[in-house]
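Read through the structure below, which is laid out as structure tokens, and then see the notes.
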Amino acid sequence: VWFDTQLHFGRRGKEGLRKLTPQYFVVKRDSAGTKYVTMAFNEETKNHKCHNDRERQNRRGAMFEEPGNALCPVASFEAYLSTLPESAKAFYHHPRKSVKPGDTVWYSMEPLGVNSLGSMMTRISE
């Protein structure tokens, strides 16, 4: 999920990762019925501070489902969201110390910090 959101939504390093919440994303269907995940609104950038500014270019990426693929990014995204605590205020959370079969919540209420998110790709690569 971390890799897919980086790839499809144009994240640059750790820029803004800690500010993401589950509400930043929305799952939709295109005219052919294919599911996709997109940003719920345009993010603020260094030069554009208003996310409702209709004059600026739409920077929302899209992550489309890949039916039949065990690594489908939309299925991974939905599975990840379903395992976050119901009242999660951040998008990325620390995994719980132990998860038992049948547990529906896999993550603690503690969000990942800026430094943890910034070094995520290094840790994934190792």
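Readers should treat all values here as calculations from the given coordinates under stated rules, not as data from a laboratory. Every value quoted in this text rests on a predicted model; they were computed, and no experiment measured them. Neighbour counts are summed over all protein chains in view; Cβ atoms, including those assigned to glycine, are modelled from backbone coordinates with ideal geometry.
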Between residue 71 and residue 89, what length in nm is gained on full extension when 0.36 nm per residue of separation is reduced by their alpha carbon distance?
3.9 nm
Taking the Cβ of residue 35 as the center, what net charge do the other residues with Cβ under 9 Å away carry, scoring Lys and Arg +1 and Asp and Glu -1?
-1
Which FRET efficiency, nearest 0.05, do residue 97 and residue 30 yield, Cβ-Cβ r, R0 35 Å?
0.30
Mind ordering 86-99, 23-36 by average Cβ neighbours within 10 Å, highest first?
86-99, 23-36
